[in-house]
Amino acid sequence: MSIFDLNPDSEKSPEPADGDKSVPPALLGLGLDAKDGHSRLTRGPEFVIVGGSGRTHDRMVERSMAFTSLVHKYGRRTQDLSAEEYYAIIDEMGEPRRHWLYFPRS
């Protein structure tokens, strides 16, 4: 199932410009298992990952990149997804929904 099967009237979003600071990141990853005292922060065009052990942080970055890649494959931007579209992509990735929370933009 693709996000366009869920919402066929959705307009395709333009690709975000690299380094475009006008749109805040749509994904936030927060890792709470770091015990080594190391501060970790990774920013992508549509995500920010903070904290976690090295392993957890790397996994969150990898999954966030996979998520945004799928979103772009459908010609959309992460920040433009409805909850239904967001979770359809999570399901397509085979990720547990309990690790991914959707908060609508105001």
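Key figures
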{"quantity": "Amide hydrogen neighbours beyond the local backbone of L27, cut-off 5 Å, H modeled", "calculated": "F47, V48"}
{"quantity": "FRET efficiency for V48 and E84, using Cβ-Cβ distance with R0 set to 25 Å, rounded to 0.05", "calculated": "0.55"}
{"quantity": "Karplus (6.51, -1.76, 1.60) ³J(HN,Hα), θ = phi - 60°, over the range 81-91, in Hz, Gly and Pro reported as x", "calculated": "6, 7, 4, 4, 5, 4, 6, 5, 6, 4, 5"}
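Taken together, the values in this text are just the output of simple stated rules run on the coordinates, not laboratory data. No experiment lies behind these values; they were computed from the predicted model shown. Please note: Cβ atoms are built from the backbone with ideal geometry, for glycine as well, and neighbour counts cover all protein chains shown.
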